[in-house]
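Below is one structure, written out as structure tokens; the observations come after it.
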């Protein structure tokens with residue numbers, strides 16, 4: 001997911017600005033795709049040079065994708081069902097939440113879950 005939350009252009013309705021600054025966030029569920037997308041973003045910016053444009057980019061990687069170990073996830077879910085009852089345990093869709101716990105998920109098998117009341 002690529003989203004831009006900040007755009008500074010200082011132009012006007014009839015004036016094209018000399019400089020435009022764009023800041024945003026890029027998140028994926030896959031580290032390989034993230035690396036490939038970073039390359040594609042750079043290639044796209046470089047292609048603007050043929051039209052006389054210039055671009056400078058700074059990409060900060062931020063948190064890696066959080067990886068839940070499938071076996072531990074199923075085990076944790078079974079414990080939750082046993083303790084809370086099946087009607088109180090929900091599967092939720094993947095989320096693009098940034099989480100520093102994700103660093104551990106690249107070193108150790110784990111599951112990251114939450115309880116909602």
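Over the C-alpha trace of region 63-117, radius of gyration and Dmax come out as 12.1, 34 angstrom.
Each of the peptides 2-13, 28-39 was scored by the mean count of other Cβ atoms within 10 Å over its residues; in descending order, highest first, they stand as 28-39, 2-13. Relative to its residue count, region 2-51 spans a Cα convex hull of 83 Å³ per residue. Helix 70-84 against the longest principal axis of the chain: what's the angle in degrees, Cα atoms only, rounded to the nearest 10? Value to nearest ten degrees: 50. Annotation: extensible slack from residue 93 through residue 29 equals 21.8 nm (criterion: 0.36 nm per residue apart, minus Cα-Cα distance). Each listed q (0.13, 0.16, 0.24 Å⁻¹) maps to a log10 I(q)/I(0) for the chain, found by the Debye formula over equal Cα scatterers with no solvent: -0.71, -0.89, -1.41.
Taking the centroid of alpha carbons for each part, region 1-64 and region 68-109 are 33 Å apart.
Values quoted throughout were computed directly from the atomic coordinates according to the rules given, and no laboratory measurement underlies them. Worth saying up front: this structure is predicted, and the values here are computed from it rather than measured. Methodologically, a virtual Cβ is constructed for each residue, glycine included, from the backbone with ideal geometry; neighbour enumeration extends over all protein chains shown.
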